[in-house]
């Protein structure tokens, strides 16, 4: 009898997980409170439940009598997945306590400080008044963030003390738990370091450069790989990642982090064990041949990580999210750009969001990739 897997999410970001689970032979059920999500179109069944409600996800899993459960590309999906897995004895996951520590910035910052991890010093607050008092005496600049959301939501760099009040109020508005952090500012370029661990050791890694969205300086819309000057920080990143895995006793599977780099210095922004969003796996798999999405599913099901023995030749790849508030309009890509596109996922207004598609590109040289990336927003035009 075909085994059933519940994927906790259903946006475009979960499409790779749905496809990987189907290729592994599972009957795939997706969930979430957004019926227009693109992954629901590819799953075998869609059941509408808000994945922020862990009890509701658990009840759904019991009702469906699922064999496996897999997180999606959202922190709340991760937390509900682990909660459900623990309740029902499914899969191979970290404890709920560990999951909350990694995915709530206040808990992670306290853990990082106690173990002297390479991450900016921070203080967490549940009171707007106390946060304002603390911010008024802090040296500038500093960063204000909600503890429990990704995608750059509610984040602000404060460069003048007069800006602190608005930044703090905004962070509290975005936080579902009513908690924020104020952290030291680290000047550097943004990158991701994505790994899979087995027995708390890295068996696969990938690093890229990340660039902000045109209308959201705290959200990532473009990534390019290989990462710039990665050799200068690779040893530190590997050591830091494996130390976190050892300290927390992490289960086998994905361990992804964002970091800031300034020369040979790094500052870890965050660790996560959820699937990175916006079909992050597509350029990774193109570049390395590593079955990224498949291994996320495999690890959730307690199956061994599959690591190919041979990597393909070096390539230069990028991913670019098309973002526009002019929903419903079609896009036109310049002929210069078309020659580099090896895949795309365009949905326009179908998901009722400003993000309307993703382009995946491959280049002949690193310099060519850098030049095209710097001009990419001018090479994509809205059609009237």
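Each value in this text was obtained by applying a stated rule to the coordinates, not by laboratory testing. Because the structure is predicted, anything quoted here is derived from the model rather than measured. Cβ coordinates were reconstructed from backbone atoms using ideal geometry, including for glycine residues, and neighbour counts include every protein chain displayed.
The table that follows gives values for the structure above.
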| item | result |
| --- | --- |
| Cα-based equivalent ellipsoid, the range 264-327: semi-axes from gyration tensor eigenvalues, Å | 24, 18, 17 |
| Full-stretch length increase - residue 41, residue 311 - with 0.36 nm per residue and alpha-carbon distance subtracted | 94.0 nm |
| Residue 330 versus residue 22: modelled label distance in nm, points set 7 Å from Cα along the beta carbon direction | 2.6 |
| Extended-chain gain in nm, criterion 0.36 nm per residue less alpha-carbon gap, residue 126 and residue 246 | 40.2 nm |
| Semi-axes of the equivalent ellipsoid for the range 111-218, Cα gyration tensor, largest first, Å | 27, 17, 14 |
| Most to least packed among 67-73, 4-10, 301-307 [average Cβ atoms within 10 Å] | 4-10, 67-73, 301-307 |
| Length released on extending from residue 378 to residue 1, taking residue separation times 0.36 nm less the Cα-Cα span | 130.5 nm |
| Segments 100-110, 172-182 sorted - mean Cβ within 10 Å per residue, highest first | 100-110, 172-182 |
| Helical mean residue ellipticity (222 nm; -39500 (n - 2.57) per DSSP H run of 4+; nearest 500) of the chain | -9000 deg cm²/dmol |
| Protection-proxy order for peptides 78-84, 184-190, each taking the mean of Cβ atoms within 10 Å per residue, highest first | 78-84, 184-190 |
| Computed over the chain: relative contact order in percent, which uses C-alpha pairs under 8 Å that are six or more apart | 14 |
| FRET efficiency for residue 110 and residue 366, using Cβ-Cβ distance with R0 set to 45 Å, rounded to 0.05 | 0.70 |
| Label point 7 Å beyond Cα of residue 342 along Cβ direction - residues of the range 365-381 with amide nitrogen under 12 Å | 365 |
| Size of the range 4-101 as Cα extents on the principal axes (Å, biggest first) | 33, 24, 22 |
| Coordinate range along principal axes, alpha carbons of the chain, Å, largest first | 63, 53, 44 |
